[in-house]
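To keep things clear, I will list the structure first and then write my remarks on it.
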Amino acid sequence: MSGVRVAGVGLTAFGASPERTGRDLFAEAGCDALADAGVDRDDVEALLYGNFMGELAEHQGHQGPLMAEAVGIDAPATRFEAACASSGVAVREGVKRVRNGESDVLLVGGTERMTNLGTAGATEALAIAADDLWEVRAGMTFPGAYALMAQAYFAEYGGTREDLAAIAVKNHDNALNNEKAQYQRAIDVETVIDAPMVSEPLGLYDSCPISDGAAAVVLVSDEFAAEHDLDAPVAVTGTGQGGDLMALHDREYLARSPAADEAAEEAYADAGVTPEDVDVAEVHDCFTIAEVLALESLGLCEVGEGVTAAADGRTTKDGDVPVNLSGGLKAKGHPVGATGASQICELAMLLRGDHPNSDAVADADCGLAHNAGGTVASAVVHVLEVMES
Amino acid sequence: MSDEDVADAGYDEWIDAVSEGEGYFLSCENDHGSLPPRRVCPHCGSLDIEETPLPDTGEVETFTITHVATPNFADDTPYAVGIARFGDVRVTGQLRDVAVEEVEVGIQVAIDVAETETTGDDLVVFRPQ
Ligand SMILES: [Zn+2]
């Protein structure tokens, strides 16, 4: 089985660029990833591409070939959809293809164009990640679903809106020097608490923004990297995916994310590492409560203790395990189909030392990426490690 | 959004039954509850699932007050969405006959069907007992 290297990464700026087409966004990210890798586009054997709401945002299905063309790749292209985990599952498929020898060079990534829909339109588009019959028709929005989980968490384990606010404050702080981030400004707990409510107990600053953007990574086999003398020190050493019942009300726990527990367990075992080995993590904080559930599923916090991790400084830049040094979905932005791949980009840069926040984790050699779809009916976890050679 | 003239078989009959006070859920031999349309118990894979009367009273296990809605609920805000347990099954619906700020985890509710303000579409509602 071949090892899998992250040979190159490419990210557009995340934010509001409503006039930019999906194809233009992905062309930028894909071309940047190929240039970063130093890989000839003729060597790319397939594009694995994540996108969630292209039909609603751009009236565009069948995006795989469109995006391959945009990057100038003459190779088969397939779109993956798992709501906000769309490009996370694309990365996982890429890792498997390289490992099993099917491919030596793959372009993997994703795009979402959202802000052209406006807030109401994007809210409606995001809601389709939930069960249409049993959740959406009852008026459950995407923030509403996480608010139900937050309220259930408070009732089961305790925690306060101030605890959650500390997560948003931390992630904004981390994004201050990330020029690709949607928000590069500091906020305080009071700002989060006083912000307009979206779906109580979650307010505007508990929520990730609506974002446009694209991300891409070039995955290559160890052999290809060696033969072509690529500078690709970071490998994907573990991959895992978990699933759960679609509707929140059908799940055993309303305040936990067992699909991510499963994904993490599989990814840790695959890489041969444990939560204690993790030096840095990028987790799916679409809402502040989502970071709490992620930390507990990943084994970085005990169940019921994740809510205070940011407030206690355990996950801040100078904490035991810095979480979301990119700014996370909260401050970096969340173009949903791009998010999973963007986490791999950010982690690879953090580990290889060319991320604006690399100094915070200068000795790090193991990173974790956690990408979730819907109310975590889909979860994908990847382990990235720095290789000796 | 489906064409309003075309039914969603299984779901529409359930809505009609609840609005007539004859709500039901699907129950397998292991006492797992679920909602139609289904052919398989989502909890254990049993193919032997039967319509079973919903208990008259449920308990709200979590809720949220939504201020930013999709266009279909734009005129309904603010509204409270809750998940209530009725014996072996949970259901998601909106709280009615109670001020949104009065909603709490643990309140006892009955299930019913009402119409949304914005579109007049049917939706599941919970009324405090
Ligand atoms: Zn069953």
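The values are calculated or read from the model by the stated rules, or taken from the named source; none is laboratory data. Just so we're clear, the structure is a prediction, and the values are computed from it rather than from any experiment. In this analysis, Cβ positions are derived from the backbone assuming ideal geometry, glycine residues included, and neighbour counts consider all displayed protein chains. Areas reflect the complete protein model, heavy atoms only, side chains present, ligands, DNA and RNA absent. Shrake-Rupley method; radii C 1.70, N 1.55, O 1.52, S 1.80 Å.
At-a-glance table
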quantity: Shielded by partner chains, the range A:136-169 residues - at least 40 Å² of accessible area, 1.4 Å probe, vs chain alone; calculated: A:137, A:138, A:139, A:141, A:148, A:151
quantity: Rounded percent of accessible protein surface that carbon and sulfur make up, chain A, 1.4 Å probe; calculated: 46
quantity: Mean projected area (nm²) of the alpha-carbon convex hull when chain B is viewed from all directions; calculated: 8.2
quantity: Shape parameters for the range A:1-105, alpha-carbon atoms, Rg then Dmax in Å; calculated: 13.6, 44
quantity: Kyte-Doolittle mean at least -1.0, axial Cα span of 18 Å or more - DSSP H helices of chain A; calculated: A:22-37, A:86-99, A:142-157, A:161-174, A:258-271, A:336-352
quantity: For the range A:192-321, accessible area per residue (1.4 Å probe, heavy atoms of protein chains only), Å²; calculated: 34
quantity: Residue among B:46, B:34, B:19 with the largest mean-square fluctuation in a Gaussian network model of chain B, springs linking Cα atoms under 10 Å; calculated: B:46
quantity: For the protein assembly as shown, convex hull volume per residue from C-alpha positions, Å³; calculated: 138
quantity: Amide H partners (placed H, <5 Å) of residue A:187, local residues excluded; calculated: A:173
quantity: For chain B, accessible area per residue (1.4 Å probe, heavy atoms of protein chains only), Å²; calculated: 49
quantity: Value of relative contact order over chain A, rounded to a whole percent, pairs C-alpha under 8 Å and six or more apart; calculated: 26
quantity: Residues losing 50 Å² or more accessible surface upon assembly, the range A:110-124, compared with the chain by itself, 1.4 Å; calculated: A:124
quantity: Area hidden from solvent between A and B (accessible, protein heavy atoms only, 1.4 Å, total, Å²); calculated: 2800
quantity: Among B:44, B:93, B:58 - extreme Cα towards positive end, dipole of the range B:36-112, charges at beta-carbon; calculated: B:44
quantity: FRET efficiency, 1/(1 + (r/R0)^6) with R0 25 Å, evaluated for residue B:52 and residue A:96 via beta carbons; calculated: 0.05
quantity: Residue B:85-residue A:365 pseudo-label distance in nm [points 7 Å out on the Cα-to-Cβ vector]; calculated: 4.7
quantity: Carbon and sulfur %, accessible surface of the range B:11-128 computed with the full protein complex present, 1.4 Å; calculated: 40
quantity: Length added when fully stretched, residue A:179-residue A:162, from 0.36 nm per residue minus Cα-Cα; calculated: 3.4 nm
quantity: FRET efficiency, residue B:38 to residue A:388 (Cβ-Cβ, R0 56 Å, nearest 0.05); calculated: 0.60
quantity: Distance between modelled label sites at residue A:227 and residue A:354, nm, 7 Å Cα→Cβ extension; calculated: 2.4
quantity: Simple Cβ-charge dipole of the protein assembly as shown, Lys/Arg +1 and Asp/Glu -1, about Cα centre, in debye nearest 20; calculated: 900
quantity: For chain A, built as a Gaussian network whose Cα springs stay under 10 Å, the top-fluctuating residue of A:139, A:22, A:159; calculated: A:139
quantity: For chain A, built as a Gaussian network whose Cα springs stay under 10 Å, the top-fluctuating residue of A:132, A:206, A:285; calculated: A:132
quantity: Charge dipole (debye, nearest 20) of the range B:1-48; +1 at Cβ of Lys and Arg, -1 at Cβ of Asp and Glu; calculated: 360
quantity: Check: the range A:73-202 dipole with +1 on Lys, Arg Cβ and -1 on Asp, Glu Cβ, in debye; calculated: 420
quantity: Linear extension gain, residue A:186 paired with residue A:62, 0.36 nm per residue minus alpha-carbon span; calculated: 40.7 nm
quantity: Lys/Arg +1, Asp/Glu -1 at C-beta; the range A:86-203 dipole; positive extreme among A:134, A:95, A:201; calculated: A:95
quantity: Computed label-point distance, nm, for sites residue A:317 and residue A:269 using a 7 Å Cα→Cβ extension; calculated: 3.8
quantity: Average beta-carbon neighbours from other chains, 10 Å sphere, peptide B:73-81; calculated: 4
